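The structure under discussion appears below in the form of structure tokens.
Bear in mind that the values in this text are calculations on the coordinates, not laboratory data. If you're wondering where the values come from, they're calculated on a predicted model, not measured in any experiment. Here the Cβ positions follow ideal geometry from the backbone for every residue, glycine too, while neighbour counts run over all protein chains shown.
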Amino acid sequence: MAGRDDGNSAYGHKAFKRSRSHFADRITADGRDGRPVEAGRYRLIVSRACPWASRAVISRRLLGLEDALSMGIADPIQDDRSWRFTLDPDGRDPVLGIRFLAEAYDRREKDHPGGVSVPAIVDVTDGELVTNDYQRITLDLATEWSALHRDGAPDLYPEPLRGEIDAIMAEVYEDVNNGVYRAGFANGQAEYEEACAAVFRRLELLASRLAWRRYLVGDTITEADIRLFTTLVRFDAVYHGHFKCNRWKLTENDVLWAYARDLFQTPGFGDTVDFDHIRRHYYQVHTGINPTRIVPLGPDLSGWLSPHHRERLGGRPFGDGTPPGPVRPGEEVPPRGRP
Ligand SMILES: N[C@@H](CCC(=O)N[C@@H](CS)C(=O)NCC(=O)O)C(=O)O
């Protein structure tokens, strides 16, 4: 099985630059891009290893979209045809019937540029990829899919707070979500140092914001928290070692560690996280920075379930709503991926 030299189409010899998603059709309530929101029509394809895909996995759970939008989980290890359904019986996605996610991309556009990435939403009726626009997918799940949300679903992108949420998410994207990749895939010392310094500068600013408030914006969970969480939960497992973001560990920052644990222990967050997929994907796929493909045994994960005491800061995780129910049978994270 061939490892891939990169997890990202944009990794090359120049400074790391993330490519824009090539397929940006939106699935909307009014169907203005040709494909309207419809229960049962689409399939979300993810890797539990991938932070960008994990945003969508969490949103889908929080919003109760499991029945409306089915989910396929790719093997965390891509081969030279990229994401594959080797975790499924006969190596085929049971709904789409394909072995590689690339088949849905090809059906949409032969010789498409920009690689095959997750998250991806595929139209089950014709097997075509609709969108791989990870920045947009979760915002649309929160706003355009509202007719299909469960009773008690939280408002993850409340209208009056969108300006503040967008501003925070832009900083978190630049310095944290993508900052760790810029550090990890840097091709020179100066480029690495700049990215790594930005990661920790931003994390320290976020820690001072979160010292006195339970969530990033308002007093409930929003899209901004989901996006910070998906990087924090990977921090000690892969970004600290593999991406060399090692000024300190998450567990050494009292505020961010408690914030991350609080979210982890909130239904819809930690129950989607597979540390086994995370560790194996990063250390085995990015052979350019880990040529031996050895996967470290640590870190110890047991602390994720320890009390966080963040309730003292107030806040109402789901606002006027309620937490999601149990994970759908068949979508549970296997024991080896859990703390
Ligand atoms: N679609 C974006 C972001 C999503 C993304 O980077 N996903 C990663 C996994 S974490 C992926 O699928 N990489 C495979 C590739 O781009 O070839 C991109 O192309 O950079």
Notebook entry, point to check: Looking only at segment 47-72, which residues are surrounded by 23 or more Cβ atoms within 10 Å (Cβ to Cβ), of a type in the set (A, V, I, L, M) and either within 16 Å of the ligand (Cβ to nearest atom) or free of Cβ contacts under 8 Å to residues at least 40 places away in the same chain (or both)?
Noted result: ALA49, ALA53, ALA56, VAL57, ILE58
Check: Just for segment 252-290: of the residues that are more than 16 Å from the ligand (Cβ to nearest atom) and under 22 Å from ALA183 (Cα atoms), which one is surrounded by the fewest Cβ atoms within 10 Å (Cβ to Cβ)?
Finding: GLU252
Item checked: Residue among ASP236, ASP271, ASP262 that is in contact with a Pro (Cβ under 7 Å, 6 or more places away or on another chain) and either assigned to a helix (DSSP H, G or I) or at negative phi (or both) -> ASP236
Note to self: Exactly one condition in (1) part of a helix (DSSP H, G or I); (2) under 18 Å from GLY268 (Cβ atoms) is false for ALA207; which is it?
What the structure shows: (2)
Margin query: Give all pairs with beta carbons closer than 7 Å in which a residue from segment 252-275 that is among the charged types (D, E, K, R) meets a residue that is part of a helix (DSSP H, G or I); count only pairs at least 6 apart in sequence or on separate chains.
Written below: ARG261/TRP304; ASP262/ARG310; ASP274/GLY337
Check: What is the one condition in (1) within 16 Å of the ligand (Cβ to nearest atom); (2) over 22 Å from the mean Cα position of the chain (by Cα); (3) under 22 Å from ARG328 (Cβ atoms) that GLU109 does not satisfy?
Finding: (3)
Next item on the list: Sort out which residues of segment 124-150 are without any contact (Cβ under 8 Å) to a residue 40 or more places away in the chain and either part of a loop (DSSP other than H, G, I, E, B) or within 16 Å of the ligand (Cβ to nearest atom) (or both), and write them in order of number.
Entry: ASP126, GLY127
Item checked: Condition met for ALA120 (within 22 Å of the chain's Cα centre (by Cα), within 11 Å of the ligand (Cβ to nearest atom) and closer than 25 Å to PRO326 by Cα) -> yes
Check: Taking GLY303, is it among the small types (Gly, Ala, Ser) and part of a loop (DSSP other than H, G, I, E, B)?
Finding: no
Next item on the list: Go through segment 89-102 and give me each residue that's surrounded by fewer than 20 Cβ atoms within 10 Å (Cβ to Cβ), of a type in the set (D, E, K, R) and either within 22 Å of VAL57 (Cβ to Cβ) or within 15 Å of the ligand (Cβ to nearest atom) (or both).
Entry: ARG92, ARG99
